[in-house]
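J.: Here it is, the structure, as structure tokens.
Read-outs throughout are calculated quantities, based only on the coordinates presented, and are distinct from any laboratory measurement. Bear in mind that the values here come from a model prediction, so they are computed numbers and not experimental data. Neighbour counts are summed over all protein chains in view; Cβ atoms, including those assigned to glycine, are modelled from backbone coordinates with ideal geometry.
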Amino acid sequence: MTDLSICICTYKRPVLLRRLLQAVLEQTGLVVSIEVVVVDNDTEQSAATVLAEMGAVLGSRLRSVNLANPNISLARNAAVAAASGKWIVMIDDDEVPVANWLEQLLIVQQAHNADVVFAPVIPDYAETTPAWIREGGYFDRRRLSTGTRIDHRDARSGNVLIRHSMLQSLAASQQGGIGPFDPAFGTTGGEDTMLFRRLDSLGAVMVWCDEAPAYEFIPAERATARWLLQRSYRTGQLFIRTELAMLAGNKKLLSGLVLSIRACVQFFLALVFALLVLPVKPLKAFAWLRIAVSQTGKLSYFWGKSAHAYGNPGASGKS
């Protein structure tokens, strides 16, 4: 059995995919066997040329899967199904890891006997990115000390090591055995949140490794106020959707009522604060505006229209 399967889902990003695969080839300190599984989720198979190039170098260590249906859950499930490794490493096609990435993930896993190891994703901005975007830190994610035990609130599918057997158990428990990721979240995002919620409920040991960062390329079209507000709306909607997804009956109704009332209050307060600080602190005002928009996203869940984020090259399926 292979020790590590590096699973990559790609959609219309051949240049970034090549960059990532090259970084995998250049990993240092490895004493385990690896394979790379790439799922091309583009109907036009835009990754074909890059996969042919890298296949000449990686040989049998590269497995490629074509999946025409643009659905990130189905793509992730296909990658997991094709993987033979004891451990699954998931990284997004717009990320590139440091040279000792895999070595550091394994060191922390062994030190803490972890089922899941998460590592940082750091923004890598395009040269044309406005200064206010960089200063605002809108793409920054929380970082923790290595070994910190975490739960689903700090979990996501970019740059993570997972015990394969746990994913297989989740896949078996899903209706129809479709895989560990729920296809209902495959175009909206939130599929990783649901996965790690379930792992959390099973008592999986999930820890942080701060020494294995990956750098996520932020294209110019995402470094805009409009894109950030759209993401706030979508993540607000996903928060409610994933919070309620594992509840049923009266618990779901009560929780939905509490969350909707709280969203109304937070929307009003955030909008007031945004208007108050706008003349003196525009960046702070924008931060409050994003909070207000997030609340409208939460409330939009209750009138049944989902915001879709996956299925075009400018979108990010990251939740």
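J.: What's the angle, to the nearest 10 degrees (0 to 90), between helix 14-25's Cα axis and the longest principal axis of the chain?
T.: Here the helix axis deviates by roughly 50 degrees.
J.: Take the cross-link list LYS12/LYS284; LYS251/LYS281; LYS12/LYS86; LYS284/LYS305 and give me the ones stretching past 31 Å between alpha-carbons.
T.: Beyond 31 Å between Cα atoms: LYS12/LYS284; LYS251/LYS281.
J.: A further question follows. How long are the three semi-axes of the equivalent ellipsoid for the range 124-248, computed from the Cα gyration tensor as the root of 5 times each eigenvalue, in whole Å, largest first? All intermediate terms of the calculation are to be shown ahead of the outcome.
T.: On the way: eigenvalues 167, 73, 34 Å².
Taking √(5λ) for each Cα gyration eigenvalue gives 29, 19, 13 Å.
J.: Gain in length, LEU283 to ILE122, computed as 0.36 nm per residue apart minus the alpha-carbon separation, to one decimal in nm?
T.: Additional length available on full extension: 55.9 nm.
J.: Another one. Give the label of the value calculated from the structure for P(r) over Cα pairs in 20 Å bins from 0, in percent, choosing from [x] 33, 62, 5, 0; [y] 27, 53, 19, 0; [z] 31, 59, 10, 0.
T.: Only one listed value fits the structure, namely [z].
J.: Further question: Can you list the residues, at least 5 places off or on another chain, whose amide H is less than 5 Å from the amide H of LEU62, using H built in the peptide plane?
T.: VAL36
J.: Distances over 20 Å make up what percent of all Cα-Cα pairs in the range 172-319?
T.: 59
J.: Residue by residue, what Karplus-based ³J(HN,Hα) values in Hz, rounded to whole numbers, does the range 235-249 have, using 6.51, -1.76 and 1.60 with θ = phi - 60° and x for Gly and Pro?
T.: 5, x, 4, 5, 4, 5, 4, 6, 4, 8, 4, 9, 10, 8, x
J.: Cα-based Rg of the range 1-112 per 2.2 N^0.38 Å, rounded to two decimals?
T.: 1.01
J.: Could you run the Debye sum over the Cα atoms of the range 225-303, one equal point scatterer each and no solvent, and tell me log10 of I(q)/I(0) at q = 0.21, 0.23 Å⁻¹, two decimals?
T.: So the normalised log intensities are -0.87, -0.97.
J.: Report the one residue of SER5, THR242, GLN174 whose Cα lies farthest in the direction of the positive end of the charge dipole of the chain (charges on C-beta: Lys and Arg +1, Asp and Glu -1; origin at the Cα centre).
T.: Result: THR242.
J.: Note down the magnitude of the dipole of the chain about its Cα centre, charges +1 on Lys and Arg C-beta and -1 on Asp and Glu C-beta and zero elsewhere, to the nearest 20 debye.
T.: Computed charge dipole of the chain: roughly 1260 debye.
J.: Which GluC sites (Glu not before Pro) from the range 27-109 combine a DSSP loop assignment with at most 15 other Cβ atoms within 10 Å? Spell out each step's value before the answer.
T.: Numbers: sites: GLU35, GLU44, GLU53, GLU95, GLU103; in loops: GLU44.
Filter output for the range 27-109: GLU44.
J.: With +1 assigned to the C-beta of every Lys and Arg and -1 to the C-beta of every Asp and Glu, and no other charges, what is the dipole magnitude of the range 225-303 about the Cα centre in debye, to the nearest 20?
T.: Taking the Cα centre of the range 225-303 as origin, the dipole is about 160 debye.
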